[in-house]
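Worksheet: one structure, shown below.
The values are calculated or read from the model by the stated rules, or taken from the named source; none is laboratory data. Since the model is a prediction, treat every value here as computed from it, not as a measurement. Glycine gets a Cβ as well: all are built from the backbone with ideal geometry, and neighbour counts include every protein chain shown. Side chains included, ligands, DNA and RNA excluded: accessible areas come from the protein's heavy atoms. Shrake-Rupley method; radii C 1.70, N 1.55, O 1.52, S 1.80 Å.
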Amino acid sequence: QSTWGHFPCSSPFLLAPPPPPPSAAMAAEALPFHTALATLTHHKKAITGIRIARGPRENSYVVLTVSADKTFCVWLPERLGAGYAPSISQALSQECSALEYDAERRQMLIGLDNGKLEVVSLSEDFCAFEVEASLQMHTKRVTGIVYDSGRDWILSVGRDKKLRVYNLRTNSMFGTRCGSSWISCIAFDAVHARAFLGAYSGQVLMFSITGTTVSGLGTLDGHTGSVRSLAFDSRTSALYSGAFDKRICCWDIGPPGREFLAKLTTRLEGSRDKVKALAISSDGSKLFSAGDDFRIRIWDLATGLEVSCWRAHTSDVTALEIAAESRGAVLASASADKTVKLWFIGGVDGGRPRAELSLQ
């Protein structure tokens, strides 16, 4: 059964246009700047996944979260513009370890610590839900989920060292074992059906998917610590990997059939601790990163330079999600400090990592 109610948020998120840049000099240089919009507090343990979706009202956002406290929450803007509050807060049987969202069906795809994936449908007003299916995707903790709307695939990875693909059209599943290390994260090239997996060993594994056949394409070796975050830009075939070695590697993957020529183009240095979350701006010019140093960084990918950095949380940042806004971008950051924070990011093009998250 669904539960809903209005829980206090610690700071307001007004739906009015965001404030101007803090200084004329910064605006003149077109440097990114950030403005805090809201802090969402309700979870009792670390937040392990976050997504932003189109809201039930015009120009509004819905925030979706999952947590190690075994709950998932749906957050709606309060009617008087005073902040965000959970419209749904529901406990599941296991710790929630990963999250994806299918906007067309309004379905949350929630990975659990026991390897299951819960398919949760949300009502039009985002105030009620129904568990549609419980899929045994893995035998151990689910660590990453991607939904491919074009093929109607759910792709997931887990600590059982496997990549699994569930075809929603045929209700069938296939996959492959991926080496000898835990798989920590996944990114997907929806244009060419290529999956990129971050491994505990520090490698990035590449696979192509044709029909129900998963074929290895090779590995990328650039990290000395566990790879915990990946982001892929299909327009440029650029892959970004963040790891426990405090580095972000930028890879030129190239077109299909040429993956053996994939090369490391840049290393972004400057993070003070493990990198756990990445997000790309919509034009591919900026990369957002965060992790165990509690900070969010913005990188200019043309120069490889850090152009903005601020302390965002009081504990590890576990996930980032970015959505388009007419004058910039709205960034959501989730943390082990049990909070979600919303930021307006000016000086960058509005970003959206998935087409279904268009909020225009």
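Figures for the structure shown
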quantity: Percentage, to the nearest whole number, of Cα pairs in the stretch 169-226 over 19 Å apart; calculated: 30 percent
quantity: Dimensionless Rg ratio for the stretch 296-345, taking C-alpha atoms and the 2.2 N^0.38 Å reference; calculated: 1.21
quantity: Entries of 70/263; 44/286; 70/276; 45/286; 263/341; 162/286 with Cα pairs more than 28 Å apart; calculated: 70/263; 44/286; 45/286; 263/341; 162/286
quantity: Residue-wise HN-Hα coupling along the stretch 281-290, computed from phi with Karplus coefficients 6.51, -1.76, 1.60 (Hz; x: Gly, Pro); calculated: 5, 5, 8, x, 8, 10, 10, 9, 9, 7
quantity: Per residue convex hull volume, Cα atoms of the stretch 48-200, in Å³; calculated: 113 Å³
quantity: Cleavage-rule hits, trypsin sites (Lys or Arg not before Pro), the stretch 103-181, DSSP coil, Cβ neighbours within 10 Å at most 10; calculated: 169
quantity: Zone of residue 140's modelled label, taken as backbone nitrogen in the stretch 166-180 under 11 Å from a point 7 Å along Cα→Cβ; calculated: 180
quantity: Overall dimensions of the stretch 85-124 by Cα: Rg and Dmax, Å; calculated: 10.6, 30
quantity: Rounded accessible area per residue of the stretch 122-207, 1.4 Å, Å²; calculated: 40 Å²
quantity: 69, 233, reordered so the largest accessible area comes first (probe 1.4 Å); calculated: 69, 233
quantity: Candidate residues 245, 148: accessible-area rank, largest first, probe 1.4 Å; calculated: 245, 148
quantity: Cut-off 18 Å, label 7 Å out along Cα→Cβ of residue 272, residues of the stretch 244-259 by amide N; calculated: 244-248
quantity: Percent of C-alpha pairs per 20 Å bin, the chain, short to long; calculated: 32, 61, 7
